[in-house]
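Notes to accompany the following structure.
The values are calculated or read from the model by the stated rules, or taken from the named source; none is laboratory data. These numbers come from a predicted model, not from an experiment. With ideal geometry, Cβ positions are generated from the backbone for all residues, glycine too; neighbour counts draw on all protein chains shown.
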Amino acid sequence: MLRTPGAVRDAERWTAHNYHPLPVVISSAEGAWLTDVDGRRYLDFLAGYSALNFGHRHPQLIAAAHAQLDRLTLTSRAFIHDQFADFCRELAELCGKDLVLPMNTGAEAVETGIKVARKWGYQVKGVPTGQANIVVAEGNFHGRTTTIVSFSTDEDARADFGPYTPGFTVVPYGDLDALTAAIDENTVAVLLEPIQGEQGVVVPPEGYLPGVRRVCTERNVLFIADEIQSGLGRTGATFACDHEGVTPDMYLLGKALGGGIVPVSAVAADADVLGVLKPGQHGSTFGGNPLACAVAVEVVRLLATGEFQRRSAELGARLHAGLGALIGKGLVAVRGRGLWAGLDIDPALMTGREACERLAERGILAKDTHGSTIRLAPPLVVTEEEIDHAVAQLAAVLAG
């Protein structure tokens with residue numbers, strides 16, 4: 001007797017319905033492959049929204065977690081533990097920044113970035129108290145806290161969660177003129193995803209990110225890059241900003257930083273920015289805990305070799321070539337960089353949800369977003385043969 005139907009029913013019965021998952025119940029995984037409770041295998045082309053950049057149960061990361069579990073898992077930031085300085089130093093060096101502030105989730109990193117930018121604005125830039133504003137982009141996805149959804153343009157994320165937090169100005173993504181016009185004397189930061197993931201892996205026009213960097217420098221405004229999904233090797237570079245030679249004032253990191261084992265996020269910036277925080281002004285019980293640091297420092301060391309960035313660039317070229325060949329054969333458009341792609345399916349054929357359901361039946365797991373768009377983000381350990389297999393299955397789905 002199959003176990004999946006009962007497990008799906010139990011999940012529906014006992015869980016708040018804030019997600020609409022595919023009817024797949026995973027019990028084990030390794031590398032780029034998942035196995036469900038009935039023994040069926042699936043090729044993972046979502047990778048936990050980039051949280052699994054290094055695949056499931058990467059041996060180096062699992063070994064670090066095991067070793068730390070036998071020693072120490074939590075102290076709180078009331079004390080210093082022996083994994084903390086190594087993680088912060090090595091991540092700061094990877095980012096080219098002075099300091100790191102560890103947190104747990106991506107949303108916490110974004111909230112931290114907002115708080116730091118406002119405090120910097122008041123203490124360093126001289127913005128009048130309570131008047132700081134931050135410029136953000138339409139189509140953004142930075143998390144789901146009440147402050148973050150206050151500047152979302154996705155009604156599913158925003159509706160009925162007000163009253164909304166003020167202090168944000170929304171402009172069209174990729175429109176440098178609109179962004180420039182929105183900056184005034186009270187603007188403390190521009191907060192952007194270098195590639196918008198949830199929106200459908202939307203890459204901005206060439207020159208946009210350098211333009212944002214230039215305007216922020218000219219107007220004494222912090223450029224905050226949310227690289228939670230796009231960073232740490234996903235796009236074929238350490239950060240998506242690297243493709244255009246741009247260095248933001250602040251990196252917001254998460255997802256892959258925890259190696260698919262523990263939630264880890266971080267803000268990286270120079271001392272003249274993060275240095276505005278003093279003891280007692282911000283914190284987290286679990287942020288920078290020993291287990292998280294032990295895993296995350298190994299993530300940073302994997303990235304320091306450059307291997308995963310190269311794999312993403314090379315295999316990403318193969319993925320995009322295969323997907324590009326399907327334009328006009330069921331696909332309307334393909335976007336992305338590295339091992340990250342947004343696909344617009346001809347809406348006359350099927351919705352994105354229907355496409356993902358049909359792919360799952362063929363052993364490929366992906367995620368839909370916004371109508372007939374789906375996203376592909378395989379682990380960076382995926383092989384050429386696995387990419388070709390996934391593209392072939394997608395072609396079969398589109399062909400009906």
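Brief remarks on what is shown
- Every pair of residues 6+ apart whose Cβ atoms lie under 8 Å, when the first sits in the range 107-134 and is farther than 23 Å from ALA181 by Cβ while the second is part of a helix (DSSP H, G or I) and modelled with pLDDT of 95 or more: ALA107/ILE148; VAL110/ILE148; GLU111/THR147; GLU111/ILE148; VAL116/VAL273; VAL116/LEU274; VAL124/ASP272; THR129/TYR122
- Residue match in the range 116-136 (condition: at pLDDT 95 or above, within 20 Å of the chain's Cα centre (by Cα), surrounded by 15 or more Cβ atoms within 10 Å (Cβ to Cβ) and over 26 Å from PHE286 (Cβ atoms)): yes
- Given (1) on the phi < 0 side of the Ramachandran plot; (2) without any contact (Cβ under 8 Å) to a residue 60 or more places away in the chain, number of the condition ARG234 does not satisfy: (2)
- Counted residues, the range 383-392 - those being of a type outside the set (D, E, K, R), surrounded by fewer than 19 Cβ atoms within 10 Å (Cβ to Cβ) and either over 21 Å from GLY328 (Cβ atoms) or touching a strand residue (DSSP E or B) at 6+ places or on another chain (Cβ under 7 Å) (or both): 2
- Test: residue in the range 152-161 that is in contact (Cβ under 8 Å) with a residue 12 or more places away in the chain, surrounded by 14 or more Cβ atoms within 10 Å (Cβ to Cβ) and in contact with a Pro (Cβ under 6 Å, 6 or more places away or on another chain): no
- Within the range 312-334, residues that are buried (at least 19 other Cβ atoms within 10 Å of the Cβ) sit with their Cβ atoms under 8 Å from residues that are charged (D, E, K, R), at 6+ positions apart or across chains, in these pairs: SER312/ARG234; LEU315/GLU384; GLY316/ARG337; GLY330/ASP346; LEU331/ASP344; LEU331/ASP346; VAL334/ASP344.
- Number of the exception - PRO248 against (1) buried (at least 24 other Cβ atoms within 10 Å of the Cβ); (2) in contact (Cβ under 8 Å) with a residue 60 or more places away in the chain; (3) not assigned by TED's automatic domain parsing to the domain that holds CYS356: (2)
- In the range 365-400, the qualifying residues are those that are among the small types (Gly, Ala, Ser) and within 21 Å of ILE195 (Cβ to Cβ), and the one that is modelled with the lowest pLDDT is GLY371.
- Only listed residue being within 13 Å of ALA137 (Cβ to Cβ) and either surrounded by fewer than 22 Cβ atoms within 10 Å (Cβ to Cβ) or at pLDDT below 95 (or both), chosen from ALA189, ALA225, ALA182: ALA182
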